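So the structure is just underneath, and the comments pick up after that.
Coordinate-derived values only; no laboratory data. As the structure is a computational prediction, the values presented were derived from the model and not from experiment. Cβ coordinates were reconstructed from backbone atoms using ideal geometry, including for glycine residues, and neighbour counts include every protein chain displayed.
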RNA sequence: GCGCCUGUAGCUCAGCUGGAUAGAGCGCUGCCCUCCGGAGGCAGAGGUCAGAGGUUCGAAUCCUCUCAGGCGCGCCA
């Protein structure tokens, strides 16, 4: 039940009736203070203005025959024309008892859509580094959320596997043609240094550089030797990535890979279609699309280059082919590009070209979900002490090691193996949650101490809150909390009940505007409200009926935290 | 030069389509409590929301300009 939407519908309908204006909005929002109720409608003032009438009078009329069907215990007009809605405890209890017995905490959305999520998309030439962390984690959380809401999610890992640097890598590999598979794997164990070596030779040795350029051409022309070497390299690189995804708890699989090379044989067709549509212009030998809305510094048209003067294609071409594939073949309703903010101009151009060229269906929405950069404590992009990029695998291992120290300090009596297990969950959770809890638009400062803190909006705090609730149910005399009937009386019970009911509102909201930090905030607030409830309302000491009701609230809280974290791609622990 | 993003408490960050007295955590000050696992609860101090105009009954939020930082801007991806 999405109470917010429900109230919006009823009250907006009432406003329309009274005002005679169709499409009036109630503008339901959470009330900021308890004295203003639980929800408030802010739409009266705007409508009154339109009608040039007194907002209080209009409010009175709206309230006159308003029937919320037992949802509210009190509805009042306040201030210049707010409608404050106080939710009835009986209604909360009734809703929670329905929720308690249902398998899912959130009902699937009525509309069934195909959602393509393009995320992670590292360059296979190199090892994944911290720059890939944020997009990978945010994209994965969004994919999970859409799936949970019953949408058909199509993950697309748009690997970079076809750029010019592969010529260089192939040349480097040519020295190893006689190696068998396991020996080759050993050579490629550290992709980073393999790449570095190749680059060094490329820069120092003209013969090597020439061979590399030739290899690019050969590769793209389908030369079998080059293709074989390329494929061997890609296979190993994909394995590296998959190991990383598994460790990080990312749902991407080999089947989700639609690398750049996948679109290779469609690129010529893209050019032809653009040409047929009369959109192509040749400029300095390159083939470009010029659109009016994009202009450069001198007010001149800004090109989207789709074919280089040497005949090669660019990533704009590949992205156009991908749009066509996703819209026309995958039948996407939404395509979400979880890609960092620096590419925003590129996407604006490509999306617009795709639209003008009809590469996408009318109702297919292309959305660039951009995100900011990870900074070090100095406020500059996050680097190693020596100024290099931080490998993702190293980062995860450091997180786990730090979590292990922390667990060992807090709980030294646990077996080491158990502490290791806890550490691997806490360390990964801390990193992921830290990324997700921030508004994706802003740059943020990476800080181990904050993300591993047990205070504040962090993974350890939530994991601890969860484990603590669960510990109640390990008592022998508590068998099946799902059976308990929930009663809602005390103020703290009401607050908790309402918050629990709002889980679906939050998840649905995130599916609309794709800000997972809203879900993090919800979980943090839920845990806080629960703590206040637990502080004020004795559970185990209460009389049977109340005790069981409160156990029911505890159980529902635990389930909600677990489900919420799971949507963010974070595991929970029964003990920690 | 043009464009995009960012600027909120000492620090790290929230603040949803404009709504009532701008919030949280850390740090600082004080208080309380022990049904689970104190990795707890409550309260206080701390803000010209970068600055200046404007729109509005109402602006951190929308518009314009200025300042500061980050990023992008024809054949890399």
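Some observations on this one:
- Folded to 0 to 90 degrees: helix A:89-101 orientation relative to chain A principal axis, Cα: 50 degrees
- Debye intensity ratio I(q)/I(0), log10, region A:276-425, q values 0.17, 0.18 Å⁻¹ (C-alpha model): -1.01, -1.07
- The relative contact order of region A:441-519, computed from alpha carbon pairs under 8 Å that lie at least 6 residues apart in sequence, is 10 percent.
- Sorted ascending by nearby beta carbons within 10 Å, beginning with the fewest, A:320, A:188 become A:188, A:320.
- Rg ratio (alpha-carbon, reference 2.2 N^0.38 Å) - region A:89-180: 1.83
- In terms of its C-alpha gyration tensor, region A:319-360 comes out oblate, because a/c is 1.5 or above while a/b does not outweigh b/c.
- Among beta bridges that DSSP assigns inside chain A, antiparallel share in %, nearest 5: 55 percent
- When only Cα pairs below 8 angstrom with a gap of at least 6 residues are kept, region A:3-86 shows a relative contact order of 29 percent.
- Rg/Rh, computed from the Cα trace of region A:292-351 with Rh as the Kirkwood radius, has the value 1.02.
- Judged by the mean number of other Cβ atoms found within 10 Å, the most tightly packed of the peptides A:139-147, A:506-514 leads the ranking A:139-147, A:506-514.
- Across every pair of non-identical alpha carbons in region A:165-252, the mean reciprocal distance, once inverted, gives a Kirkwood radius of 13.7 Å.
- Gain upon complete extension [residue A:358, residue A:386; 0.36 nm per residue less C-alpha separation]: 5.3 nm
- Principal-axis tilt of helix A:392-410 within chain A, Cα atoms, nearest 10 degrees: 40 degrees
- Ordering A:364, A:241 from the fewest to the most neighbouring beta carbons within 10 Å gives A:364, A:241.
- Among A:35-45, A:106-116, the peptide with the highest mean count of other Cβ atoms within 10 Å heads the list, and the full ranking is A:35-45, A:106-116.
- Taking the convex hull of Cα positions in region A:1-112, its mean projected area over all directions (nm²): 7.9 nm²
- Rounded tilt (10° steps) of A:416-436 against the dominant C-alpha axis of chain A: 90 degrees
- With an a/c value of 1.5 or above and a/b not larger than b/c for the gyration tensor axes a ≥ b ≥ c computed over the alpha-carbon atoms, chain A is described as oblate.
- A Förster radius of 22 Å, combined with the Cβ-Cβ distance separating residue A:490 from residue A:455, puts the computed FRET efficiency at roughly 0.25.
- Its relative contact order, with pairs defined as Cα atoms under 8 Å and 6+ residues apart, puts region A:165-252 at 38 percent.
- Relative protection proxy for A:97-105, A:77-85, from highest mean packing down: A:77-85, A:97-105 (other beta-carbon atoms within 10 angstrom).
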